[in-house]
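Asker: Got a structure for you, written out below as structure tokens; questions coming shortly.
The values are calculated or read from the model by the stated rules, or taken from the named source; none is laboratory data. Note that the coordinates shown come from a computational prediction; the quantities given were computed from them, not determined experimentally. Methodologically, a virtual Cβ is constructed for each residue, glycine included, from the backbone with ideal geometry; neighbour enumeration extends over all protein chains shown.
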Amino acid sequence: MRAEVCGLVLAGGQGRRMGGVDKGLVEFRGRPFIAHVIERLRPQVDALLINANQNLEQYASFGHDVVTDRLGGFAGPLAGLDAGLHATAAPLLVTAPCDSPFLPRDLVARLAAARAQDDTDLAVARTGMQPHPVFALVHTRVRPHLARFLASGERKIDLWYSTLRVVEVAFDDEPEAFININTRGEIAQFERS
């Protein structure tokens with residue numbers, strides 16, 4: 001059976017704002033960040049991939065295939081998305097960053113319903129007027145388009161989205177779900193809350 005929706009946890013960054021440590025493996029409430037994200041995302045998808053560019057064996061220990069960027073140099077979330085799109089046969093790929101442990105438990109259902117209405121290329125979560133571009137459900141037909149965009153030297157996710165048919169999906173009922181934790185101070189703050 002072919003998976004319909006594949007999940008992709010984006011853990012391919014350098015963690016510069018966290019002092020250069022691999023953010024997905026940083027402990028939060030007794031477990032690595034990525035464990036929290038997997039726990040919330042895995043029940044929503046048919047298969048799951050992890051995009052990482054370092055500590056590959058540690059990421060593989062979470063029981064899911066690890067895909068590395070096809071571009072070198074820690075090229076950002078679009079490079080991770082590109083890697084995921086080339087690693088799945090599913091028609092849809094949903095992304096979530098490794099540093100967002102509170103992501104919605106109904107993220108995929110809500111994004112999928114909105115995307116299906118007009119068969120858009122991509123559905124992205126939004127709270128208020130703020131889109132959250134790394135929380136997106138992407139139709140895999142954009143695979144060659146993204147590869148060309150990256151080959152041109154572009155890396156900006158908002159610029160790429162502007163070239164696609166996109167629907168923004170309001171999650172105003174769960175604004176805290178999209179909090180990403182970037183610093184040791186933020187870890188301490190959310191450990192207490």
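Listed here are the residues, each with its yes/no results for (1) surrounded by 13 or more Cβ atoms within 10 Å (Cβ to Cβ); (2) within 17 Å of the chain's Cα centre (by Cα); (3) not acidic (Asp, Glu).
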position: Leu111; (1), (2), (3): yes, yes, yes
position: Asp119; (1), (2), (3): no, no, no
position: Ala123; (1), (2), (3): yes, yes, yes
position: Arg126; (1), (2), (3): yes, yes, yes
position: Phe149; (1), (2), (3): yes, no, yes
position: Ser152; (1), (2), (3): no, no, yes
position: Arg155; (1), (2), (3): yes, yes, yes
position: Leu164; (1), (2), (3): yes, no, yes
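Asker: Please go through segment 135-193 and pick out each residue that is within 23 Å of Cys98 (Cβ to Cβ) and part of a loop (DSSP other than H, G, I, E, B).
Answerer: Once the filter is applied, which keeps residues that are within 23 Å of Cys98 (Cβ to Cβ) and part of a loop (DSSP other than H, G, I, E, B), segment 135-193 yields Arg155, Lys156, Phe171, Glu174, Ile179, Asn180, Ile181, Asn182, Thr183, Ser193.
Asker: Tell me the residue from Ala114, Ala96 that is modelled with pLDDT of 95 or more and either out of contact with any helix residue (DSSP H, G or I) (no Cβ under 9 Å at 6 or more places or on another chain) or in a helix (DSSP H, G or I) (or both), please.
Answerer: Being modelled with pLDDT of 95 or more and either out of contact with any helix residue (DSSP H, G or I) (no Cβ under 9 Å at 6 or more places or on another chain) or in a helix (DSSP H, G or I) (or both) holds for just one of Ala114, Ala96, which is Ala114.
Asker: Next question. I want to confirm something. Restricting to segment 128-142 and keeping residues that are surrounded by fewer than 17 Cβ atoms within 10 Å (Cβ to Cβ) and not polar (S, T, N, Q), which single residue is farthest from Ser162 (Cα to Cα)?
Answerer: Going through the qualifying residues, I end up with Gly128.
Asker: Which one of Ala35, Ala47 is at pLDDT 95 or above and more than 14 Å from Ser61 (Cα to Cα)?
Answerer: On inspection, the qualifying residue turns out to be Ala47.
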